1. Between Lys22 and Met1, how high is the FRET efficiency from 1/(1 + (r/R0)^6) when r is the Cβ-Cβ distance and R₀ = 41 Å? Nearest 0.05.
2. Considering only protein heavy atoms and a 1.4 Å probe, what is the carbon-and-sulfur percentage of the accessible area of the chain?
3. Find out how many positive minus negative residues lie around Phe82, taking Lys and Arg as positive, Asp and Glu as negative, among other residues whose Cβ is under 14 Å from that of Phe82.
4. How large is the dipole of the chain about the Cα centre if only Lys and Arg carry +1 and Asp and Glu carry -1, each at its Cβ, rounded to the nearest 20 debye?
5. For the chain, what is the accessible area per residue in Å² when the probe is 1.4 Å?
6. Which three extents, in whole angstrom, do the alpha-carbon atoms of the chain cover along their principal axes, largest first?
7. Taking a 1.4 Å probe, which of Thr13, Thr2 shows the most accessible area, and what order do the others take after it?
Amino acid sequence: MTTEKIDSVSVTTKANVYFDGKCVSHNLTYPDGTKKSVGVVLASELTFGTAAAEIMECVGGSCEYKLAGSDQWLKSGPGEKFSIAANSKFDIRVAEAYHYICHYA
């Protein structure tokens, strides 16, 4: 099931802009201190690094991703998630806007 709405959170209004605007997100903080981000990746092929483990949830569009140490591109669409280990990297390629929620572990 795709997340369509997030209630009772604090939103950082200043956007996080990466890769010359190809990825834009906003930070969310829940009352219990849990942090997530919600954003969009525009058509591109990018490499992201992680500090904490992450779960990427697709809420619109689609992407292909390749985890560190793998040569296989996998697809993620609405309602699907993929996990990235802490202190790792992943490649992502997007043909049309990929809307996501990043859940930090």
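The values are calculated or read from the model by the stated rules, or taken from the named source; none is laboratory data. What you see is a predicted model; the values in this text were computed from it and never measured. We place every Cβ from the backbone using ideal geometry, glycine too, and count neighbours over all the protein chains shown. For the accessible areas, the whole protein counts, side chains as well, though only heavy atoms, and no ligand, DNA or RNA atoms are used. Shrake-Rupley method; radii C 1.70, N 1.55, O 1.52, S 1.80 Å.
1. 0.90
2. 51
3. So the environment of Phe82 carries a net charge of 0.
4. Dipole about the Cα centre, nearest 20: 180 debye.
5. Computed with neighbouring chains in place, this is 59 Å² per residue.
6. Reported extents, whole Å, longest axis first: 39, 30, 27.
7. Reading off the accessible areas and sorting them downward yields Thr13, Thr2.
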